[in-house]
Amino acid sequence: MTGILEGKNILVAGVTMDSSIGFSVAKVAQEQGATVLISNFGRALGITRRIAGRLPAPAPVLELDVTDAEHLRRLPELVGEHVPTLDGVVHSIAYGNPETVLGGHFLTAPYDDVAQAVQVSAYSLASLTQACLPLMSPGGSIVGLTFDATVAWPAYDWMGVAKAGLESCSRYLARDLGPQGIRVNLVSAGPLKTLAAKAIPGFEELEANWDSRAPLGWDNTDQDPTARAVVALLSDFFPATTGEIVHVDGGYHAMGA
Ligand code: NAP
């Protein structure tokens, strides 16, 4: 049986550990027949290179700091060393200073830290997309990860505002890239125990009761359902879907209590 990403080249940006959602996306994408490139930045690059060895197939590791204009400029060149074109790009990136913009300091967070959270977690969907566009053609798919930004959560604070920006950004990108046949969608995942999540002071409060309130239940150590949804959106099985947010949260978002 052939996989749903057979013959496709996919860049997954934002893989540090094997707990990273991006790692599971890369794994499922390879299992579905894709050639996968992964990226990370800075000091964690060495860890990413080691972790890449745990994927089913080898995956080149590229350096990409989404706040670095030079990194974005040279990205097509780096990708081009491995594959001639990209069919899909996964944005699995977020950062906010856990001491200031997360954890219950909403009213006192300094603007510079808020700006950094918005640049890394929201604006970068547009800058990463723009950097990859020269390699993409009709049928291409961009997928990002959000945490439901329609409501206020405990502890999530300015990251919630950044995610609202990300969700809006994906709709504008869908508007502008639709005429080129490129889709832009997000997966809204329930809480998962990743590095980024563990760095949020008060994350336990945010995830409390998720499993019991979600009609399907929720395993916060299982990245696979989220990864599969991302891979489905990368595939040709959502050809007329763009500007969409697919919830992978056990159904939590649809319940009133
Ligand atoms: P993760 O493993 O920590 O992944 C986040 C990635 O973003 C890391 O690889 C991180 O690199 C990278 N990153 C941070 N700043 C960057 C920059 N300037 N340039 C390039 N990469 C940068 O955590 P994750 O939970 O899998 O997060 C992936 C995505 O899923 C994020 O958008 C997150 O908000 C979203 N999400 C997570 C959950 C959850 O509960 N975990 C739920 C819904 C949505 P370093 O590790 O080197 O900093």
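Hey, among the residues in region 236-257 that are among the hydroxyl-bearing types (Ser, Thr, Tyr) and open to solvent by less than 40 Å² (accessible area, probe 1.4 Å), which one's nearest to Ala189 (Cα to Cα)? Ranking the candidates gives Tyr252 first.
For region 149-158, the count of residues that are under 20 Å from Ile93 (Cα atoms), open to solvent by 10 Å² or more (accessible area, probe 1.4 Å), assigned to a helix (DSSP H, G or I) and of a type outside the set (Asp, Glu) is at least one.
Is it true that some residue in region 227-238 is of a type in the set (Asp, Glu) and modelled with pLDDT of 95 or more? Yes, region 227-238 has at least one match. Is it the case that region 186-208 has a residue that's in a helix (DSSP H, G or I), surrounded by fewer than 18 Cβ atoms within 10 Å (Cβ to Cβ) and more than 11 Å from the ligand (Cβ to nearest atom)? Yes; the residues of region 186-208 include at least one that is in a helix (DSSP H, G or I), surrounded by fewer than 18 Cβ atoms within 10 Å (Cβ to Cβ) and more than 11 Å from the ligand (Cβ to nearest atom). In this structure, Thr100 qualifies as away from the ligand (no atom under 15 Å from the Cβ), open to solvent by less than 40 Å² (accessible area, probe 1.4 Å) and either within 19 Å of the chain's Cα centre (by Cα) or within 14 Å of Met159 (Cα to Cα) (or both).
The residue list Phe41, Phe23 contains one member that is open to solvent by 40 Å² or more (accessible area, probe 1.4 Å), among the hydrophobic types (A, V, I, L, M, F, W, C), near the ligand (Cβ under 9 Å from one of its atoms) and out of contact with any Pro (no Cβ under 6 Å at 6 or more places or on another chain), which is Phe41. Number of residues in region 209-231 that are of a type outside the set (Asp, Glu), closer than 21 Å to Ile93 by Cα and part of a helix (DSSP H, G or I): the value is 7. Scanning region 64-96 for residues that are without any contact (Cβ under 8 Å) to a residue 60 or more places away in the chain, near the ligand (Cβ under 9 Å from one of its atoms) and either among the acidic types (Asp, Glu) or open to solvent by 50 Å² or more (accessible area, probe 1.4 Å) (or both) yields a count of 3. Would you confirm, using the coordinates I've provided, whether Gly178 is over 23 Å from His71 (Cβ atoms), more than 16 Å from the ligand (Cβ to nearest atom), open to solvent by less than 40 Å² (accessible area, probe 1.4 Å) and in a helix (DSSP H, G or I)? Criteria met by Gly178.
The set of residues in region 8-18 being in contact (Cβ under 8 Å) with a residue 40 or more places away in the chain and either near the ligand (Cβ under 6 Å from one of its atoms) or open to solvent by 30 Å² or more (accessible area, probe 1.4 Å) (or both) consists of Gly14, Val15, Thr16, Met17.
Listed here are the residues, each with its yes/no results for (1) free of Cβ contacts under 8 Å to residues at least 40 places away in the same chain; (2) in contact with an Asp or Glu (Cβ under 7 Å, 6 or more places away or on another chain).
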position: Asn185; (1), (2): no, yes
position: Lys198; (1), (2): yes, no
position: Asp211; (1), (2): yes, no
position: Asn220; (1), (2): yes, yes
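Do we have Ala162 as open to solvent by less than 10 Å² (accessible area, probe 1.4 Å), in contact with a helix residue (DSSP H, G or I) (Cβ under 7 Å, 6 or more places away or on another chain) and within 12 Å of the ligand (Cβ to nearest atom) here? Yes; evaluated as a whole, the condition is true for this residue. In this structure, Ser121 does not qualify as more than 28 Å from Gly7 (Cβ to Cβ) and either away from the ligand (no atom under 12 Å from the Cβ) or part of a strand (DSSP E or B) (or both).
The values are calculated or read from the model by the stated rules, or taken from the named source; none is laboratory data. Keep in mind it's a predicted model, so treat the numbers as computed, not measured. Positions of Cβ are backbone-derived with ideal geometry, glycine not excepted, and every protein chain shown enters the neighbour counts. Areas reflect the complete protein model, heavy atoms only, side chains present, ligands, DNA and RNA absent. Shrake-Rupley method; radii C 1.70, N 1.55, O 1.52, S 1.80 Å.
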